Amino acid sequence: MSETATPAVAWSDVDAGVMTITLQRRPANALGLPIIDGLNAALDAADADGSVKVIVVRSDIPGFFAAGADIKHMSAVDAESFTAYGDRLRGALNRLASADRITIAAVDGLALGGGLELAMACTLRVGGADAKFGLPEVKLGLIPGAGGTQRLPRLVGRGRALDIMLTARQVPADEAHAIGLIDRLVGAGGAADAALALAAELCTMSLPAQRAVIRTVDAAFDTPLDEGFRFEVAQEQDLFESGEAKEGITAFLEKRTPRFV
Ligand SMILES: CCCCCCCCCCCCC/C=C/C(=O)SCCNC(=O)CCNC(=O)[C@H](O)C(C)(C)COP(=O)(O)OP(=O)(O)OC[C@H]1O[C@@H](n2cnc3c(N)ncnc32)[C@H](O)[C@@H]1OP(=O)(O)O
């Protein structure tokens, strides 16, 4: 089937607070404009629907989550276009990273270059045992220019990040889980189902409280400790005065499941 017949990105209706975004651009989910624009369209749909609490990003291409920026297109653009297209890719990934909801990358197969940078822009990562991860840009004379040099060290530490980026090697899923690059390791081919199960579990909690946890944890990487403690207290205070905390505390005392918004 031609690429034009099948959109590069599809997204589901919202099911109990969960939206699934599926990357389906053959042959390798190369991150060219079809995927960049499709990802933005999917995020527009999520923003338009106030009921989305968790987004799962998965691939429908066997063997690939996403193989990175589109090298075929890269060979055909000049420096100005390279930067312009790069800005569009970076914009889409940063929009994913700042989505006002939890995002989970479900990785079966290869997540390389911009494909891993897309996964690292998500809140959490679930990897199947057959998944492999890498930032091989130095093989192309480039660097991971869609957030990889900033997000990978924050996830795995400076030394491991340099090892992965300087050697351009592919990191198997069990190692990726051991070093903190992925958060859940499941059976081969099982990442999407496991991510959806995790999403359902997350949807039973308070999203405003989860957003505050993400904000305060992310602040820890760029904030002196005392300032971070103050930020944490301020977040806690705001939540305690919110209806969410009142519902959560009341539900506990009434021995029932909280009904969060
Ligand atoms: C209009 C938009 C323009 C976009 C371009 C400009 C954007 C600029 C962005 C700025 C940079 C941001 C930072 C990100 C940078 C990157 O991500 S650079 C790319 C990093 N990724 C890689 O280096 C991986 C390249 N691929 C491979 O190494 C191998 O393909 C593989 C993944 C290891 C699989 O190997 P194998 O099983 O042998 O299969 P292949 O035959 O090699 O591949 C199958 C088909 O898939 C195509 N393909 C694979 N990767 C890409 C890719 N990244 N871009 C485009 N196409 C890719 C490959 O060409 C094969 O296609 P066919 O030959 O047509 O079958």
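Per-residue answers, yes or no, for (1) assigned by the TED database to the domain that holds residue 121; (2) without any contact (Cβ under 8 Å) to a residue 12 or more places away in the chain; (3) under 16 Å from the mean Cα position of the chain (by Cα):
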| site | (1), (2), (3) |
| --- | --- |
| 180 | yes, no, yes |
| 184 | yes, no, yes |
| 213 | no, yes, no |
| 218 | no, yes, yes |
Check: Given the residues 89, 116, 96, which is the only one that is farther than 21 Å from residue 27 by Cα and in the same structural domain as residue 30 (by the TED database)?
Finding: 96
Check: Within the stretch 211-237, which residues are of a type in the set (Ser, Thr, Tyr) and farther than 28 Å from residue 261 by Cβ?
Finding: 223
Item checked: Breaking point among (1) under 24 Å from residue 22 (Cβ atoms); (2) open to solvent by less than 60 Å² (accessible area, probe 1.4 Å), for residue 258 -> (1)
Next item on the list: Hey, can you tell me all the residues within the stretch 80-110 that are of a type outside the set (S, T, N, Q) and either open to solvent by 80 Å² or more (accessible area, probe 1.4 Å) or part of a strand (DSSP E or B) (or both)?
Entry: 80, 82, 85, 87, 88, 100, 102, 104, 105, 106, 107, 110
Next item on the list: Evaluate the stretch 49-59: report whether one residue or more is under 26 Å from residue 138 (Cα atoms), within 16 Å of the ligand (Cβ to nearest atom) and open to solvent by 10 Å² or more (accessible area, probe 1.4 Å).
Entry: yes
Next item on the list: Select from the stretch 122-144 the residues that are assigned to a loop (DSSP other than H, G, I, E, B) and within 12 Å of the ligand (Cβ to nearest atom) and write down the one among them that is nearest to residue 222 (Cα to Cα).
Entry: 144
Note to self: Suppose the filter is at negative phi, under 18 Å from the mean Cα position of the chain (by Cα) and at pLDDT 95 or above; does residue 191 pass it?
What the structure shows: yes
Check: Taking into account only those residues within the stretch 8-36 that are within 14 Å of residue 105 (Cβ to Cβ) and among the polar types (S, T, N, Q), which is nearest to the ligand (Cβ to nearest atom)?
Finding: 29
Next item on the list: For residue 250, state whether it is of a type in the set (Ser, Thr, Tyr), touching a residue at least 12 places away in the same chain (Cβ under 8 Å) and exposed (fewer than 15 other Cβ atoms within 10 Å of the Cβ).
Entry: no
Item checked: Residue satisfying all of: in the stretch 143-162; among the small types (Gly, Ala, Ser) and exposed (fewer than 15 other Cβ atoms within 10 Å of the Cβ); farthest from residue 96 (Cα to Cα) among these -> 159
Notebook entry, point to check: Using beta carbons and a limit of 9 Å, which pairs, at least six apart or on different chains, have the first residue in the stretch 226-243 and under 13 Å from residue 215 (Cα atoms) and the second one basic (Lys, Arg)?
Noted result: 231/215; 235/215
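The values are calculated or read from the model by the stated rules, or taken from the named source; none is laboratory data. Keep in mind that what you see is a predicted model, and the values were worked out from it rather than measured. Positions of Cβ are generated from backbone atoms using ideal geometry, with glycine treated the same way; all protein chains shown enter the neighbour counts. With ligands, DNA and RNA removed, areas are computed over all heavy atoms of the protein, side chains included. Shrake-Rupley method; radii C 1.70, N 1.55, O 1.52, S 1.80 Å.
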